[in-house]
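The values are calculated or read from the model by the stated rules, or taken from the named source; none is laboratory data. Being a predicted model, the structure only gives us computed values, none of them experimental. Using ideal geometry, Cβ is built from the backbone for each residue, glycine included, and neighbour counts are taken over all protein chains shown.
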């Protein structure tokens, strides 16, 4: 069955599965235990952290393993709310993942939040950030690397440089970036976080990068176990960490160099879609995006009907972010981009993987054309 919802989650990669099985069989002990077996697992956990630091290009001391992007988001937002001077504000991109927006609203008063303007593609430009740094007393800027709905890339490298020169902390959600595009340079942001299941790692695994000068940062305060510099309370999951690191190393070393080929496959799909399904259009087409992501506005019909009909034909797509696909509320991402409500209700998010073949893309176009007739409104019904 052609699966086109990889931005929601990915299967466990062979490298990750092998690492997880080996770790659960040989190194399942508690790394906080004082006996030799526990000490050995603690050493292995540090090795996993160092291996990750090597492949992404940062000091291992910046790395904290977490249970996912949502936990990382809340930990960072909570820490910034506690440590930034009370008279400073946080500037945030309005097209961030909903978990980020909810976290910021939970820990910061409304008058401390600055919503950055975005262009019609949902991008925060460096000039926009520069202007806000000049006009507001900012303590932090929060802009993602790649959007989970549209695939649009943000100019995070330029934003990181601006923030660094102004002495403003920069937070970058890179959950959709790792495993798709080479991660070099992302470590220049002060705070970076990921989601292991987005790049072939197990669910409930992730990593977070913090500034080296933030020794008091804690992901989730614990009790007696939180000693020896740990930033995370509870028993540390070495098998999960080892599996996630193996997945990312595999992606960084063996897959990301194929990006240009996959961009061509996506662009070919979009060209065929436009030719064979009049009225369909791609959001932010022509803008630099993730190679695997297409957010398409269908010519008619509610997107939920498209998803159901495609599912019957063996194609799995989504209506947007998996975390809000069951919600009746319109996409806040598309709203920020100024896309009309009637078009929001007709969008499909199509996200591929490294294993998606040219034939899979072609078959999806054929299925979309067939479903278009099935969901076409009657002649006496006005489509909205």
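In the range 258-289, the residue that is surrounded by the most Cβ atoms within 10 Å (Cβ to Cβ) out of those that are touching a residue at least 40 places away in the same chain (Cβ under 8 Å) and out of contact with any helix residue (DSSP H, G or I) (no Cβ under 9 Å at 6 or more places or on another chain) is 284. Exactly one of (1) surrounded by fewer than 14 Cβ atoms within 10 Å (Cβ to Cβ); (2) more than 18 Å from residue 174 (Cβ to Cβ) is unmet by residue 27. Its number? Failing condition for residue 27: (1).
Would you confirm, using the coordinates I've provided, whether residue 97 is in contact (Cβ under 8 Å) with a residue 12 or more places away in the chain and closer than 25 Å to residue 220 by Cβ? For residue 97, the condition - in contact (Cβ under 8 Å) with a residue 12 or more places away in the chain and closer than 25 Å to residue 220 by Cβ - is met. Whether any residue in the range 223-239 is within 13 Å of residue 66 (Cα to Cα), in contact with a strand residue (DSSP E or B) (Cβ under 6 Å, 6 or more places away or on another chain) and modelled with pLDDT of 80 or more is what I want to check. No, because not a single residue in the range 223-239 is within 13 Å of residue 66 (Cα to Cα), in contact with a strand residue (DSSP E or B) (Cβ under 6 Å, 6 or more places away or on another chain) and modelled with pLDDT of 80 or more. Annotation note: of 124, 143, 118, the sole residue that is in contact with a strand residue (DSSP E or B) (Cβ under 8 Å, 6 or more places away or on another chain) and at negative phi is 143. Of all residues in the range 78-92, one or more are assigned to a helix (DSSP H, G or I), modelled with pLDDT of 95 or more and closer than 30 Å to residue 43 by Cα. The set of residues in the range 314-331 that are surrounded by fewer than 18 Cβ atoms within 10 Å (Cβ to Cβ) and at pLDDT 95 or above comprises 314, 316.
I need the full set of residues from the range 100-120 which are outside any helix (DSSP H, G or I) and within 29 Å of residue 219 (Cβ to Cβ), in order please. Within the range 100-120, 108, 109, 113, 114, 115, 116 qualify.
Within the range 286-300, the set of residues being over 21 Å from residue 179 (Cα atoms), part of a loop (DSSP other than H, G, I, E, B) and modelled with pLDDT of 95 or more comprises 298, 299, 300.
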